[in-house]
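As structure tokens, the structure follows; a few thoughts come after it.
The values are calculated or read from the model by the stated rules, or taken from the named source; none is laboratory data. Please read all numbers here as calculations on a predicted model, not as lab measurements. Every residue, glycine as well, gets a Cβ built from its backbone with ideal geometry; the counts of neighbours run over all protein chains shown. When the accessible area is computed, the model is the full protein with side chains, heavy atoms only, and any ligands, DNA or RNA have been set aside. Shrake-Rupley method; radii C 1.70, N 1.55, O 1.52, S 1.80 Å.
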Amino acid sequence: MPVLMDGERMSRTLTRIAHEIVERNRGVGDIALVGVRTRGVPMAKRLAVILREVTGHEVATGALDITLYRDDLMKAVVGPQPIVRRTEIPFSIDGRHIVLVDDVLYTGRTIRAALDALIDFGRPSTIQLVVMVDRGHRELPIKADYVGKNVPTSRRESVQVRLAEIDGVDEVLLDQSEGGPA
Amino acid sequence: MSDTATRLRGKDLLGIADMTAAEISLILDTAEAMKEVSARPIKKVPALRGKTVINLFYEPSTRTRTSFEVAEKRLSADTLNIAIAQSSVVKGETLIDTALNLEAMNPDIIVCRHGSSGANHLLARTCKAGVVNAGDGMHEHPTQALLDAFTIRERKKRLAGLKVAIVGDLLHSRVFRSNVYLLTKMGAEVWACGPSTLTPVGIANLGIHVTTRVEEAVEGADAVMMLRIQMERMQGGYFPSLREYFQVFGMTPARVALAKPDAIIMHPGPMNRGVEIASEVADGPASVILDQVANGVAVRMAVLYLLAGGGEDEAAA
């Protein structure tokens with residue numbers, strides 16, 4: 001499988017995105033990071049570490065499971081239903097700038113579900129979106145505010161972001177073998 | 001791997017007896033996420049939006065029916081309650097005719113409690129909708145066993161290797177049967193104790209220990225589960241008096257002291273205080289009886305979610 005990004009490139013990309021977050025929000029005062037399960041969660045934690053190094057401030061992080069908000073749940077899906085995991089947002093999101101973090105932006109349906117899920121927890125001042133890879137093919141009017149890498153893909157391909165915390169290695173791969181949806 | 005599951009195999013949840021350990025674990029794991037939903041300021045997720053769930057209760061029930069209804073509403077399902085006293089059943093309609101009429105309204109899931117063992121199996125064969133057994137006669141009450149297991153696992157972090165004592169009316173109890181199936185499948189050591197008149201013949205064949213001495217059952221137990229004396233199902237003289245029953249089998253502080261120091265005391269409700277359990281025990285620090293009620297909602301949400309999402313393959317095949 002072709003490697004789109006290696007570990008070093010991913011690390012530099014997260015550092016760049018952290019700086020963009022600081023620049024755009026003029027600091028990190030009211031910011032909280034919320035990772036979309038599964039791989040958005042370690043990405044959010046890494047961003048929090050970088051933000052602390054850059055600004056000296058702790059940034060709250062949470063984890064969001066969007067399974068119960070999916071729009072394809074009850075369809076006759078191929079393969080198993082996703083396992084529902086806990087959502088952990090141990091802070092108030094009211095009036096804060098919430099930076100949503102996910103690995104791949106594709107149809108936009110995951111983010112639509114994440115927005116619905118997040119708004120059940122309160123009324124954030126803004127919601128911004130970080131993704132490691134934007135692979136196109138949007139089906140909803142959704143766009144990311146911070147993109148690691150834009151990758152033109154065909155629908156038959158799949159983009160796999162691997163993270164050391166979960167997969168033991170940092171890399172982004174392009175799977176051309178008739179993969180399922182990323 | 002065969003010991004993990006990502007879906008339930010059938011469209012129904014009729015009993016623990018025909019479930020695998022992997023399916024039980026899947027429900028318990030899913031219930032953990034569901035419990036978090038109940039702790040939110042907005043206790044509702046859209047997972048079952050547009051799904052219709054019928055609660056068909058042929059027997060009185062407050063806790064179980066309310067628990068299912070809360071679970072359905074938290075998943076955004078549309079719920080209908082059919083209480084039998086106001087239904088056409090009192091006009092002589094059979095269970096199958098009732099089922100066919102309900103089926104014509106195209107529900108997705110029917111939650112049913114019935115006084116006859118096996119009624120839910122009949123319903124499941126008749127209907128395309130998924131059927132959840134909310135208690136059938138003296139047979140099974142699977143969601144109660146699942147919430148009991150969830151409560152034990154929450155406190156003890158495991159089920160395998162634990163000693164669980166179940167004390168009371170073993171004969172009439174569907175909660176007992178479901179719990180025996182579940183706990184033995186998950187590797188717990190089950191001790192059953194009750195008067196010999198209320199102990200079914202041959203239950204030791206289920207792979208459990210059976211005794212009539214409550215002290216033996218409770219000694220060193222990690223969890224003690226009390227069963228209700230079901231006066232409404234007792235026509236004969238199973239024991240001389242409620243007072244004598246309490247003296248011989250009732251859970252008193254002295255008997256609780258025989259269990260492990262961190263043992264938990266459970267009861268599926270409704271309790272007969274002073275019959276199977278002393279008030280000091282029911283309200284004491286080891287009691288998790290109200291946790292069981294709270295966990296019931298989470299476990300039922302998990303069951304409804306998994307049934308509504310799974311089972312499509314078999315229906316198509």
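Couple of notes before you dig in:
- Whichever residue in region B:40-76 is of a type in the set (A, V, I, L, M, F, W, C) and at the interface with chain A (Cβ under 10 Å from one of its Cβ atoms) and, among such residues, is surrounded by the most Cβ atoms within 10 Å (Cβ to Cβ): B:Leu48
- Lone unmet requirement of (1) open to solvent by 40 Å² or more (accessible area, probe 1.4 Å); (2) more than 19 Å from A:Ala48 (Cα to Cα); (3) away from every other protein chain (no Cβ under 11 Å) for A:Thr61: (2)
Residue-by-condition table, conditions (1) of a type outside the set (A, V, I, L, M, F, W, C); (2) open to solvent by 50 Å² or more (accessible area, probe 1.4 Å); (3) within 25 Å of A:Ser177 (Cα to Cα):
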residue: A:Arg112; (1), (2), (3): yes, yes, no
residue: A:Gly122; (1), (2), (3): yes, no, no
residue: A:Ile142; (1), (2), (3): no, no, no
residue: A:Asn150; (1), (2), (3): yes, yes, yes
residue: A:Val159; (1), (2), (3): no, no, yes
residue: A:Arg162; (1), (2), (3): yes, yes, yes
residue: A:Asp167; (1), (2), (3): yes, yes, yes
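- Only a single criterion out of (1) away from chain B (no Cβ under 11 Å); (2) out of contact with any Asp or Glu (no Cβ under 9 Å at 6 or more places or on another chain); (3) closer than 27 Å to B:Thr4 by Cβ is not satisfied by A:Leu68, namely (1).
- Qualifying positions in region A:13-26 - open to solvent by 60 Å² or more (accessible area, probe 1.4 Å) and either farther than 16 Å from A:Asn150 by Cβ or under 15 Å from the mean Cα position of the chain (by Cα) (or both): A:His19, A:Glu23, A:Arg24, A:Arg26
- Residue list for region A:82-126, restricted to those being among the small types (Gly, Ala, Ser) and within 14 Å of another protein chain (Cβ to nearest Cβ): A:Ser92, A:Ala113, A:Ala114, A:Ala117, A:Gly122
- Taking each residue of region A:1-22 that is farther than 14 Å from A:Val54 by Cα and looking for partners that are open to solvent by 60 Å² or more (accessible area, probe 1.4 Å) with beta-carbon atoms closer than 9 Å, six or more apart or interchain, yields A:Met1/A:Gln176; A:Met1/A:Ser177; A:Pro2/A:Gln176.
- Conditions (1) open to solvent by 10 Å² or more (accessible area, probe 1.4 Å); (2) over 22 Å from A:Leu115 (Cβ atoms): number failed by A:Leu51: (1)
- In region B:143-160, the count of residues that are outside any helix (DSSP H, G or I), at pLDDT 95 or above, closer than 30 Å to B:Pro261 by Cβ and in contact with a Gly (Cβ under 6 Å, 6 or more places away or on another chain) is one or more.
- Lone qualifier among A:Met1, A:Met10 - being exposed (fewer than 15 other Cβ atoms within 10 Å of the Cβ) and touching a strand residue (DSSP E or B) at 6+ places or on another chain (Cβ under 8 Å): A:Met1
- Residue count for region B:13-39, restricted to those that are of a type outside the set (A, V, I, L, M) and either open to solvent by 40 Å² or more (accessible area, probe 1.4 Å) or within 7 Å of another protein chain (Cβ to nearest Cβ) (or both): 7
- B:Ala254 vs. criteria modelled with pLDDT of 95 or more, farther than 26 Å from B:Glu69 by Cα and of a type outside the set (D, E, K, R): yes
- Failed item in (1) closer than 26 Å to A:His137 by Cα; (2) at pLDDT 95 or above; (3) touching a helix residue (DSSP H, G or I) at 6+ places or on another chain (Cβ under 6 Å), with A:His97 passing the rest: (1)
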